[in-house]
Every structure is written in structure tokens, then in C-alpha cells.
Amino acid sequence: MKILVTGGLGYIGSHTVVELLQKDHEVIILDNLYNSSLDILARIHKITGKTPNFYQGNMGDEALVQRIFSENGKIDCCIHFAGLKVINESLENPLGYYSNNISCTLTLLKVLGKNNCRNFIFSSSASVYGDAAHVPVSEETPKGECSNPYAWSKSFTEQILYDLYQSDKTWNIVVLRYFNPVGAHASHLIGEIHQSAPPNLMPYITQVALGQREKLFIFGSDYPTRDGTGVRDFIHVVDLAKGHIAALGVFNTQNASPAYRIYNLGTGEGHSVLEIVQTFERVNSVKIPYALVERRPADIAVSFADVNKVYNELGWKSTLNLEDMCRDSYLFAKEYLESIK
Ligand code: NAD
Ligand code: UD1
């Protein structure tokens, strides 16, 4: 397939591009380098021996997206990763987040439709469930109240995609709700890069392990969980990337008609913050000093996915475990730091 990947130099996008190239798909990346760099393209080449066609620019630039079609001919599908993802930033700059994540996506969709590229995979988030009443969370669970503009931008975009499909049933849309992506490619050439203090758990732990931060602050030790700390469904980014390959299958099946489909991408297992810390220490032979502090506002106690639907319909399930996630997160961060010295 010929596939347009927006945000293809970002964390999840770059891992998916590697999987796509290794499956001999033709990849065209559109990324404005807001949260990535051209160096990632060279690293993708190092892993796969291939260099995808790359356009630097904004997915909301209609003329640029049209030019991609004019220069590349028929494109079979778009995997849409491009977006801003920092929750605190979205609270400070909601208009910027809605503009980038929603308005730019509207422009992208308009050009895709005009060029008959109506197979679309969207990066959504488990945060659209809000504080779900039951775990595991299945796709049937009603969406909930989001606690920040970032999460709302995902929830709204899902609705927009649903309305688009209802208005024109030649659109074939797959919404993937990611749980908590962590880890890095086994080559340790690509992974999650943070220039400043990372908001998420695993990158913060790796920075503590590398001596960039003194200690980890564990937000909340009085949750109704097995050890009092929050529980999440951490999923290795390579498994997540492979979930996108599985999702492409719905565009290939001769008999399946276009549809609007939603799938959870998680492992189906919850792990507590303390379990992550202990596993990280054991696997990497490092010490992670930590302090138990107040809960983080708007955090939920427990979240993990029901993964039956994605397995039954797409045949996908995660294969990598918590040890793999902790090891790859650490080794990537360590090797990346050394490579940019
Ligand atoms: P990322 O920031 O590493 O990658 C996003 C990429 O999109 C970056 O390379 C950035 O430069 C690019 N980009 C942003 N706005 C753009 C625009 N207007 N035009 C062109 N390029 C643009 O993020 P990620 O972790 O790889 O996440 C990918 C997608 O998955 C995002 O939509 C994110 O919201 C979603 N998601 C991520 C997580 C997570 O924990 N990482 C969880 C759930 C959902
Ligand atoms: C957040 C986002 C979600 C996004 C996900 C993965 C919300 C409400 N949450 O979820 O949209 O998909 O990130 O990027 O929108 N923790 C600490 N110390 C830290 C950091 C985190 O104890 O320094 C704890 C948290 O309290 C939580 C767990 O670790 O219990 C996981 O936190 P985090 O990695 O930020 O992910 P989420 O809160 O699940």
C-alpha cells in the first residue's frame, strides 16, 4: 500500500513507519518537526535500509497536502499521528491545541476526501473514556468527561470522524485508542525524546535513572489499588506500531465494507506505579529514588483495556512484557544521550 503518515517522525509514528517499511509498504511522511527532528529519518534508514518520502510542513497547509497528492499519485491510506499531546500545555493553550489537533485535521480530511484517499487510521487515546466506572475498559464503555483540552481534542475528533463516515459511507475509518505507550525500538535508535521535564511516568523514571533528575515523585499512594499507587495499561510502542499494521488489514479485506471502527490498543493488564519502579530497577540494575506525594489533580486510580475486540477482529495482541518496556525505555534514553553528546 502507499500510505501517508502524518507525524511520522514522532515517537509512535516513527516506530510505525519502521514496521510499515519492513512490510514493504510505500511510506510518505508529513511532519512539521514541531516535536521531532530530521535525524529520525536517518535513524529510520539505519534500521530499515529505506528512506521514506518526506515532506516538512503542517498538515493544516491545504496547498502542501494537495501537492503531496499531485506528486505521489494515488495514496491508499492515511495514518494520522500528527498532533500535540502535552496535557498541561493544553490547559494553558486550549486554542492552540484545538487549532492544531482539530482544525488542521479538518483541512487534512478535506484534501484526503478530494483525492479519494478515504482509508483513515486515527491516533486516539484511552483518555476519551474519562474516569470509567468499570475496568477493563471495552470499546462499548461510553466515552466520559475529559479532564483537559488535549483529551477533548481526541474525543471531538472521534465524533467528527464518525459524522464524516455517516455523511459519506465510502470513508473507512479506524480509531485506535492507545493506553499508555512506553518502550523503544529494539535497535535503541528511536524512542521517546523529551527536552524538558516529561509529564509521563516512564520518561521521568528514565531521567532519574540517568541522573538527570534527583528522584521520582509518585503521585498518590492511597488509591484503592493493590499497593495504593495508580494502575495503568502500559504497552510497548513496537506492539502498538504493529497494531497499526493489523488495522491496515481492514482496508485489504475484499468482503469487508467501509465502516467506522474503534479498537483499544493495550495489553489488557494493569500495572501499578510501584511495580513499574521495581521492575525498572531490577531489569536495568539501577536505583530509582522516589518520594510518595499527593495525588496529581484529575488523575484516575485504575485504567486498563479490554482487548478482546481487537484480537477477535484484527488478530492483534501485545507480545512484549513489562521487562521489555523498562529495558528498552532505559537503553534507548541512555544511548540517545550518548549519541548527541
Ligand atoms: P509525538 O509528539 O512524538 O509525535 C507527533 C508528531 O506530529 C511530531 O513529530 C510532531 O512534530 C508532529 N506534528 C504535530 N503537529 C503537526 C502538524 N500540525 N502538522 C504536521 N506535523 C505535526 O507524539 P506521539 O507520542 O508519537 O503521539 C502520536 C499520536 O498519538 C498523537 O496524536 C498523540 O496525541 C496520540 N497519543 C499519544 C499517546 C502517548 O502517550 N504518546 C497516547 C495516546 C494518544
Ligand atoms: C496521561 C494522559 C493520557 C495519555 C497518557 C499517555 C489524561 C488524564 N492522561 O495518562 O491522555 O494518553 O498520559 O501519554 O489525559 N505518575 C507519577 N509520577 C510522575 C508521572 C506519573 O506517579 O512523575 C503516575 C500518575 O499519577 C499515574 C501513572 O504514573 O498514576 C501514569 O501517569 P502518566 O504516564 O502521566 O499517564 P496517565 O496519567 O495514564
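The values are calculated or read from the model by the stated rules, or taken from the named source; none is laboratory data. Just so it is clear, the model here is predicted, and its values are computed rather than measured. Neighbour counts are summed over all protein chains in view; Cβ atoms, including those assigned to glycine, are modelled from backbone coordinates with ideal geometry.
So if I check each of Leu322, Leu248, Leu331, which one is touching a residue at least 40 places away in the same chain (Cβ under 8 Å), within 29 Å of Ala133 (Cα to Cα) and touching a helix residue (DSSP H, G or I) at 6+ places or on another chain (Cβ under 9 Å)? Before you say what the answer is, go through the steps one by one.
Numbers: Leu248 fails: within 29 Å of Ala133 (Cα to Cα); Leu331 fails: within 29 Å of Ala133 (Cα to Cα).
Result: Leu322 is the single residue among Leu322, Leu248, Leu331 that is touching a residue at least 40 places away in the same chain (Cβ under 8 Å), within 29 Å of Ala133 (Cα to Cα) and touching a helix residue (DSSP H, G or I) at 6+ places or on another chain (Cβ under 9 Å).
Looking only at region 304-341, residues that are under 17 Å from His194 (Cα atoms), out of contact with any strand residue (DSSP E or B) (no Cβ under 6 Å at 6 or more places or on another chain), in a helix (DSSP H, G or I) and not basic (Lys, Arg) come to 11 in all. Note on region 47-99: residues that are more than 16 Å from ligand 2 (Cβ to nearest atom) and over 20 Å from Ile28 (Cα atoms) total 3.
Of Asn101, Asn53, Asn88, Asn116, all but one fail to be at pLDDT below 95 and either within 26 Å of Ala305 (Cα to Cα) or more than 20 Å from the chain's Cα centre (by Cα) (or both); the exception is Asn88. Each residue in region 81-125 was checked for being surrounded by 15 or more Cβ atoms within 10 Å (Cβ to Cβ), in a loop (DSSP other than H, G, I, E, B) and not charged (D, E, K, R), and 8 pass. Of note, Tyr204 does not satisfy the criterion of being surrounded by 17 or more Cβ atoms within 10 Å (Cβ to Cβ) and more than 10 Å from ligand 2 (Cβ to nearest atom). Count of region 164-184 residues, restricted to those that are under 23 Å from the mean Cα position of the chain (by Cα) and more than 30 Å from Phe332 (Cβ to Cβ), is 5.
Among the criteria (1) under 30 Å from Glu338 (Cα atoms); (2) in a loop (DSSP other than H, G, I, E, B); (3) out of contact with any Leu (no Cβ under 7 Å at 6 or more places or on another chain), the one Ile288 does not fulfil is (3).
Within the bounds of region 166-176, is there any residue that is in a helix (DSSP H, G or I) and not charged (D, E, K, R)? Checking region 166-176: at least one residue is in a helix (DSSP H, G or I) and not charged (D, E, K, R).
Go through the residues of region 179-191 one by one and say whether even a single one is surrounded by 17 or more Cβ atoms within 10 Å (Cβ to Cβ) and free of Cβ contacts under 8 Å to residues at least 24 places away in the same chain.
Taking region 179-191 and keeping what is surrounded by 17 or more Cβ atoms within 10 Å (Cβ to Cβ), we get 179-185, 188-191.
Narrowing the set further to residues that are free of Cβ contacts under 8 Å to residues at least 24 places away in the same chain leaves none.
Checked against the condition, which is being surrounded by 17 or more Cβ atoms within 10 Å (Cβ to Cβ) and free of Cβ contacts under 8 Å to residues at least 24 places away in the same chain, region 179-191 yields no hits at all.
Restricted to region 282-306, and to residues that are within 16 Å of ligand 2 (Cβ to nearest atom) and over 16 Å from Leu216 (Cβ atoms), which residue is surrounded by the fewest Cβ atoms within 10 Å (Cβ to Cβ)?
Narrowing region 282-306 to residues within 16 Å of ligand 2 (Cβ to nearest atom): 288-305.
Subset that is over 16 Å from Leu216 (Cβ atoms): 297-298, 300-305.
On the way: Pro297: 7, Ala298: 13, Ile300: 18, Ala301: 16, Val302: 19, Ser303: 22, Phe304: 23, Ala305: 29.
Checked region 282-306; the qualifying residue surrounded by the fewest Cβ atoms within 10 Å (Cβ to Cβ) is Pro297.
Each row is one residue, and each column tells you yes or no for (1) modelled with pLDDT of 95 or more; (2) assigned to a helix (DSSP H, G or I).
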residue: Thr206; (1), (2): yes, yes
residue: Glu214; (1), (2): yes, no
residue: Ile218; (1), (2): yes, no
residue: Pro224; (1), (2): yes, no
residue: Asp227; (1), (2): yes, no
residue: Lys242; (1), (2): yes, yes
residue: Leu248; (1), (2): yes, yes
residue: Phe251; (1), (2): no, yes
residue: Ala256; (1), (2): no, no
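The residue pairs whose first member lies in region 284-296 and is touching a residue at least 40 places away in the same chain (Cβ under 8 Å) and of a type in the set (Val, Ile, Thr), whose second member is outside any strand (DSSP E or B) and within 16 Å of ligand 1 (Cβ to nearest atom), and whose beta carbons are closer than 9 Å, counting only pairs six or more residues apart or on different chains, are Ile288/Ile205.
Give region 21-69 a look and list any residue that's small (Gly, Ala, Ser), exposed (fewer than 14 other Cβ atoms within 10 Å of the Cβ) and in contact (Cβ under 8 Å) with a residue 12 or more places away in the chain, or say none.
Within region 21-69, just Ser37 meets the criteria.
If we keep just the residues of region 126-139 that are away from ligand 1 (no atom under 13 Å from the Cβ) and either under 19 Å from the mean Cα position of the chain (by Cα) or within 18 Å of Lys74 (Cβ to Cβ) (or both), which is surrounded by the fewest Cβ atoms within 10 Å (Cβ to Cβ)? Across region 126-139, the extreme among qualifying residues is Ser138. Of all the residues in region 6-24, those that are out of contact with any Cys (no Cβ under 9 Å at 6 or more places or on another chain), closer than 21 Å to Lys74 by Cα and not in a helix (DSSP H, G or I) number 4.
Does Ile262 satisfy the criteria of being of a type in the set (A, V, I, L, M, F, W, C), over 25 Å from Val174 (Cβ atoms), buried (at least 16 other Cβ atoms within 10 Å of the Cβ) and within 16 Å of ligand 2 (Cβ to nearest atom)? For Ile262, the condition - of a type in the set (A, V, I, L, M, F, W, C), over 25 Å from Val174 (Cβ atoms), buried (at least 16 other Cβ atoms within 10 Å of the Cβ) and within 16 Å of ligand 2 (Cβ to nearest atom) - is not met.
Per-residue answers, yes or no, for (1) within 19 Å of Arg296 (Cα to Cα); (2) surrounded by 19 or more Cβ atoms within 10 Å (Cβ to Cβ); (3) touching a residue at least 12 places away in the same chain (Cβ under 8 Å):
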| site | (1), (2), (3) |
| --- | --- |
| Lys143 | no, no, yes |
| Ser153 | no, yes, yes |
| Thr170 | no, no, yes |
| Val175 | no, yes, yes |
| His194 | no, no, yes |
| Gly211 | no, no, no |
| Ile218 | yes, yes, yes |
